[in-house]
Each structure stands twice: as structure tokens, then as C-alpha cells.
Amino acid sequence: MSKAGYALALAFVATTPLAAQVGHDPARSPYRPIVARMSLSAVGSYIWGSSGKLGVGPTDGPGGGIRFEMRLTGPTDVFASVSWSNLQRMAARPNAPLDSQLSGPVDQGVIFAETGLLIMLGGDKTWRGLSPYIGANLGLGFGGSVPQDSSEYGFSAKFVSGPILGLRFFLGESIYLRAEGRLQFWKLSYPTSFFVTPPDYPNEPPLLNPVLNSDSEWTTHPTLLIGLGYAFRF
């Protein structure tokens, strides 16, 4: 073999180990594929925020529910959930004297049925088990009756929506923990009785001044969710 041939052979042997070191060893890589396409999780929540100018809007309370999630295409997931929250609000008695028109706070149970879209910021992979995401939800809130409230006011079939920022931490291929923050919005609507002078107390003002106040208002509700989920595939 010529001197040039020996030189080429030596160069090949010397560079082969270096080439093998390029990139990550798959067994040691911090990235792992998310192979499951669907998941089911139990979630707990706490809702804060505004109860409106009178305090009759429900807020400030814990809740819990179930959530189903499915991968669509690429990094996009869709979810549907049903949950129940035990919230607080003031009870209204618009036909009472001014000092007793509001009482409470009292319990207000609310059922939330919602759906939403999520975008996985890491695509279909986790980094050291972490999978952050952003998204938005849209749903309805159905409030139960409040015996202490003798007015026509109610919290029923209210649209609920807002942005989502969350993180999943996979303990393995199937089990994961979830932490999610939301900023939810819903609209309160006030009945006519809130703007009318109490018939039995003509010298008392109504709950709301009809000149200065609208019959509805939007309220904002920061919400924290935590959950435990199981991912699976068919």
C-alpha cells in the first residue's frame, strides 16, 4: 500500500470514534416521544376573581371533575371536561330595606361543561418528562338554586372562556401530573328587580341605579387546576 493509502486509512480510523459521538445517545437523550394519543385525567381546581359590583356573581371556591384529551394533528390536542365547583356569592333581596338587601356570602354550586384546544410547545416530545402547552377553552356554567336569594337573579347557562397555560410532567409513558393556569371570563346579567325601588319601602334606593349601571357586566376569574392523568392509545 502506498504512503497516501496508509495516510487515508489512519485518518479514517482516527475520525470514526469522533463521528460516533455526534448527537445524543438515544438511551440518554432528555427527549422522549409522547406515544399515547388519548388521555383521561381527574382534576381539582380553585377559582378566584370578581363577583361583580353587587357581589352576587359566584367565585372563590374549590372544585373537581374529569377530563378527556385527544391528539389531533401535529402538536394540537383537543379536550372536553365536566366539573363541579362550590363557589360563594352574596344573596339578593331587592324588595327589602337598604341595610338588608344583600346577605351572605352563601354557597353557589356550578357545573362547568367545556371544550378547548391545546398546542404542545414541545411538539410530540417531552423534555425530561415535561410537556408545556398553551391554549384556550370555551364552555357553559350552570348554577344551582340558592334558597337564601329571593330575587329573580340566577347564574345559569353562562358562557365561560379564556386563555390557558399549562404543564404536564410524565412519570412514565402513561402516568402524568398536570398543573394548569387559566384566566376565565363570564358575564353576569341582572334582573329588572335590581333597578326598581322596593315597593314596600318607597324611600329606599334600588340595588342598582338604572342611570349609572348596566344590566350586565363581565367578570374575570384566575383559575388553578391540578390533575393526575393516564395516557393510552388504541
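What the table below lists for this structure:
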{"read-out": "Residues of segment 126-157 classified as in a strand (DSSP E or B) and either of a type in the set (S, T, N, Q) or farther than 15 Å from Leu87 by Cα (or both), total", "value": "13"}
{"read-out": "Subset tally (residues that are under 19 Å from Ser51 (Cβ atoms) and charged (D, E, K, R)) for segment 145-179", "value": "3"}
{"read-out": "Residue check, Ala27 modelled with pLDDT under 95 and surrounded by 17 or more Cβ atoms within 10 Å (Cβ to Cβ)", "value": "no"}
{"read-out": "Residues (more than 26 Å from Ser161 (Cα to Cα), hydrophobic (A, V, I, L, M, F, W, C) and assigned to a strand (DSSP E or B)) located in segment 93-124", "value": "Leu102"}
{"read-out": "Filter pass, Ser81 being surrounded by fewer than 16 Cβ atoms within 10 Å (Cβ to Cβ), assigned to a strand (DSSP E or B) and either modelled with pLDDT of 95 or more or among the small types (Gly, Ala, Ser) (or both)", "value": "no"}
{"read-out": "Given (1) hydroxyl-bearing (Ser, Thr, Tyr); (2) under 16 Å from Thr59 (Cβ atoms); (3) assigned to a loop (DSSP other than H, G, I, E, B), index of the condition Thr219 fails", "value": "(3)"}
{"read-out": "Residue in segment 156-193 that is surrounded by the most Cβ atoms within 10 Å (Cβ to Cβ), counting only those that are within 12 Å of the chain's Cα centre (by Cα) and among the basic types (Lys, Arg)", "value": "Arg182"}
{"read-out": "Failed item, numbered, when Tyr153 is tested on (1) farther than 18 Å from Ala42 by Cβ; (2) exposed (fewer than 15 other Cβ atoms within 10 Å of the Cβ)", "value": "(2)"}
{"read-out": "Any hit, segment 63-71, residues being assigned to a loop (DSSP other than H, G, I, E, B) and surrounded by 15 or more Cβ atoms within 10 Å (Cβ to Cβ)", "value": "no"}
{"read-out": "Leu207 in contact (Cβ under 8 Å) with a residue 60 or more places away in the chain, surrounded by 15 or more Cβ atoms within 10 Å (Cβ to Cβ), touching an Asp or Glu at 6+ places or on another chain (Cβ under 9 Å) and not charged (D, E, K, R)", "value": "no"}
{"read-out": "Tally, over segment 185-212, of residues that are within 21 Å of Leu117 (Cβ to Cβ) and in contact with a Pro (Cβ under 8 Å, 6 or more places away or on another chain)", "value": "0"}
{"read-out": "Those residues of segment 82-101 which are under 14 Å from Ser41 (Cβ atoms) and in contact (Cβ under 8 Å) with a residue 40 or more places away in the chain, in sequence order", "value": "Ser83"}
{"read-out": "Any chance Leu225 is buried (at least 18 other Cβ atoms within 10 Å of the Cβ) and under 28 Å from Gln88 (Cβ atoms)", "value": "yes"}
{"read-out": "Members of segment 52-62 found to be in a strand (DSSP E or B) and under 29 Å from Pro206 (Cβ atoms), listed by number", "value": "Thr59, Gly61"}
{"read-out": "Residue count, segment 32-51 (criterion: outside any loop (DSSP other than H, G, I, E, B) and either among the hydrophobic types (A, V, I, L, M, F, W, C) or more than 14 Å from Val110 (Cβ to Cβ) (or both))", "value": "10"}
{"read-out": "The lone exception for Gln101 - which of (1) buried (at least 18 other Cβ atoms within 10 Å of the Cβ); (2) in contact with a Gly (Cβ under 8 Å, 6 or more places away or on another chain) it fails", "value": "(2)"}
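The values are calculated or read from the model by the stated rules, or taken from the named source; none is laboratory data. Bear in mind the structure is a predicted one, so any value in this text is a computation, not a measurement. For neighbour counting, all protein chains shown are included, and Cβ atoms are generated from backbone atoms with ideal geometry for every residue, glycine included.
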